[in-house]
Amino acid sequence: MLPLNIVVCVKQVANPDYFSQITLDPETGAIQREKVPSILNPMDENALEEALKLRDKYSGKVTVISMGPPQAREVLEWSLTLGADEAILLCDRAFAAGDTLATAHVLAAGIREICPCDIIFCGNEAADGATQQVGPQIAELLGFPHITNVNELVVREDKTAVVKRIIEYGYLKIEVQLPVLIAVSREINQPRAATAEGILTLGDKVFKTWTLNEIKVNPKDIGLEGSPTRVSGVFEQKNERRREVLQGALEDMVNTAIEELRQEELV
Amino acid sequence: MSANKEVWIWAEQRNGRLMDVSLQILGKAGELARDIGGSAAAILIGDEVRGLAEELIAHGADKVFTFSDPRLRLYQSDAYTRLISELVEERKPEIMLLGATSIGMDLAPSVAARVGTGLTAHCCGLNMGAIDGQLKLIASVPGWGGGMIVNIVCPKHVPQMATVSPGVAQKPERSGQNNGEIIAMKANLDDDDFRAQTVEIFEEQPNGIQIDQAEIVISGGYGMKSAGGFGSLKELAALLGAAVGGTRPALDEGWIRESSLIGVSGKIISPKLLITIGASGANHYTAGFVKAGMVVAINNDPEAAIFDVCDMGIVGDCAEVLDVMIEKLK
């Protein structure tokens, strides 16, 4: 039954360490994020790692796929360097400004071109939007079952899998027959580091860029037109506080703080 | 597009207990229903759920649709998606809310994709407002890690769907006087409803008080690494009768559980006092305690962003500050 044809959905995101530098233009209200560097979404590294581990165990192929602007090529190349076999960038102005459903339509259409596939991996959430929606929506559009927030995955020779997914105070154990979409949590594994070999073989890997012409999707389902939701306003969230940084020796600072907390009857 | 003037929630049960957030969003559904001159209804799926349906009515549901079957006792993504989607397509409620629990976040996107409507994630506010001259749901979400609030609308599709973070809405008072209708639905399950089949739930109810209910929360971040973990932080919490929470890195380190994560993808908390220790102050964390009373921040880096969102800040070695604090409070 094996080898496995595995797809990993990845996203280029603004580095969360720099989110506090994202501001609104006071005049236009537009989001200003010029100085914020982009990275591969951290949880997608765990998704890729899980895919690479399975391929190394059972043989097969790992294809990374992303929807984004031309510069999203960077995170796909990084994924190839880490060990993915092929990369597909879904890139077309018609895809832009889509919400999660419109984005899922594009990614599902891209994946359909390389189906049949056994497992689709995603990170459970992107560091920027953090909606956790696109993975399950891709699964729904492809008719795959899905399991999110996965922290343990065992795939057996007969293409069945046993999965643990985290819930608030424990976990669910889920059994599934492939194909399936799995959205992974950070706890599932420790992503590998890039190797010299990975860097040297990057040029030999297959990299495809597909536009609207290369995939089968209804233009009404994608981009702004295909998005049931839209943004009606953006505001900076003020977390106004006293911001008093205490001074003095450590003991004095702690004393001052505790005294005030006692006065306010908080402790 | 015509829709029933109904605001629905999915009422989540685990092991026969209703999730708190489900009652919270039921309260919110009642408010929104009053705004649009309609009623609030719940969908409840499980096994032998009549007692829970009555609880929902006691908390303000005008109607409860139940699907009851032994195979539905645990969350089954395929079956739950189909049952909810079919009922939604048949009855066309105006709005549908789900609690943003780990399971709600799994279920809501599939339902939205199947029904072909819009879904807004992890809402921190829900209001009715005029959009293109019509009264629509305006769902507020923390954007860019919580530094921004983004308002999202779904003007042309029903239901307008949203997942709502725990702690955003108030759980309504229970009243035995409420009237409501329980409508038992037939599930007609088949094998396709169990492609991904949940076979077991493991739940360990946490000991002690939780971050979304506690008056005092002590929270730690990655800076507790050099302090050797959460040991002394937990000692301080025990001393104050406080709940222990933490940041995403603290969760990744295994110091806290998912249920104690504070922030955009965890819980929104509103204790009277929050002491945050060794957290640098990333937006997606600080957005989780905008509604806290007093915030005391401890960090060794005077430049840390956490000092911009605290009332009192102490710059110092986290382990040392904790030791002195524990000493003084004993």
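Read the figures in this text as sums done on the coordinates, not as results from a lab. All values derive from a computational prediction rather than experimental measurement. Neighbour counts run over all protein chains shown; Cβ positions are idealised from the backbone, glycine included.
A few points about this structure:
- Under 5 Å, built H, 5+ apart or other chain: amide partners of residue B:183: B:64, B:65, B:66
- Loop GluC sites (Glu not before Pro), region B:195-290 (other Cβ atoms within 10 Å of the site Cβ: 12 or fewer; DSSP): B:204
- Cα gyration tensor of region B:4-194 - equivalent ellipsoid semi-axes, whole Å, descending: 24, 19, 16
- Between residue B:204 and residue A:158, the FRET efficiency from the beta-carbon distance, with R0 = 30 Å, is close to 0.40.
- Here's the picture: a label point sits 7 Å out from the Cα of residue A:244 along the beta-carbon direction, and within region B:285-324 the residues with their amide nitrogen under 19 Å of it are B:292-299, B:306-316.
- Proximal aspartates and glutamates relative to residue A:61, as straight alpha-carbon distance under 14 Å, when same-chain residues fewer than 8 apart are discounted: A:49, A:50, A:85, A:86, A:118
- For region A:55-160, dividing the convex hull volume of the Cα atoms by the residue count gives 119 Å³ per residue.
- Each peptide in A:16-22, A:142-148 receives the mean, over its residues, of other Cβ atoms within 10 Å, and ordering these scores from highest gives A:142-148, A:16-22.
- Pairs beyond 26 Å (Cα-Cα), from A:35/A:216; A:220/B:156; B:63/B:136; B:28/B:267; B:28/B:156: A:35/A:216
- Charge dipole magnitude, Cβ of K and R +1, D and E -1 - the protein assembly as shown, Cα centre, debye nearest 20: 1000 debye
- Taking 0.36 nm per residue of separation and subtracting the Cα-Cα distance, full extension of the segment from residue A:32 to residue A:53 would add 3.7 nm.
- Here is how the number arises for the protein assembly as shown: DSSP H runs of 4 or more residues each give -39500 (n - 2.57), the sum is divided by the residue count, and the result at 222 nm is -7500 deg cm²/dmol.
- Residue A:177-residue A:204 FRET efficiency (beta carbon distance; Förster radius 30 Å; 0.05 resolution): 0.30
- For residue B:220, the residues whose modelled amide H falls within less than 5 Å of its own, excluding neighbours fewer than 5 places apart on the same chain, are B:245, B:246, B:247, B:277.
- Residues A:209, B:276, sorted so that the one with the fewest Cβ neighbours within 10 Å comes first: A:209, B:276
- A Förster radius of 22 Å combined with the Cβ-Cβ distance from residue B:184 to residue B:35 puts the calculated FRET efficiency at roughly 0.15.
- Over the protein assembly as shown - Rg/Rh using Cα atoms and the Kirkwood inverse-distance radius: 0.97
- Region A:133-145 - phi-based ³J(HN,Hα) in whole Hz, Karplus 6.51/-1.76/1.60, Gly and Pro as x: 9, 5, x, x, 6, 4, 4, 4, 5, 8, x, 8, x
- Measuring against 31 Å, Cα to Cα, the residue pairs B:171/B:234; A:164/B:234; A:57/B:234 contain A:57/B:234 as the ones spanning a longer distance.
- Per-residue average of Cβ from other chains inside 10 Å of B:197-206: 5
- Total charge dipole magnitude, region B:216-329, about the Cα centre, Cβ charges on Lys, Arg, Asp, Glu only, Debye to nearest 20: 480 debye
- Footprinting exposure proxy ranking of A:242, A:165, fewest other C-beta atoms within 10 angstrom first, gives A:242, A:165.
- Projected area, mean over directions - region B:241-325, Cα convex hull, nm²: 5.3 nm²
- Around residue B:34: net Lys/Arg minus Asp/Glu count, Cβ-Cβ under 14 Å: -3
- Note on B:289-295: average number of Cβ atoms from other chains within 10 Å of each residue's Cβ is 3.
- Considering chain A, its Cα convex hull presents a mean projected area of 19.9 nm².
- What the pair-distance distribution of region B:187-330 shows, using all Cα-Cα distances binned every 10 Å from zero, is 12, 42, 27, 8, 7, 3, 0 percent.
- Residue exposure proxy: A:31, A:88, ordered by other Cβ atoms within 10 angstrom of their Cβ from fewest to most, comes out as A:31, A:88.
- In this rough spin-label picture, where each label sits 7 Å from Cα along the Cβ direction, the residue B:225-residue A:220 distance is 5.2 nm.
- Our Cα-only numbers for region A:1-63 put the radius of gyration and Dmax at 17.9, 60 Å.
- Around residue B:300: net Lys/Arg minus Asp/Glu count, Cβ-Cβ under 15 Å: -4
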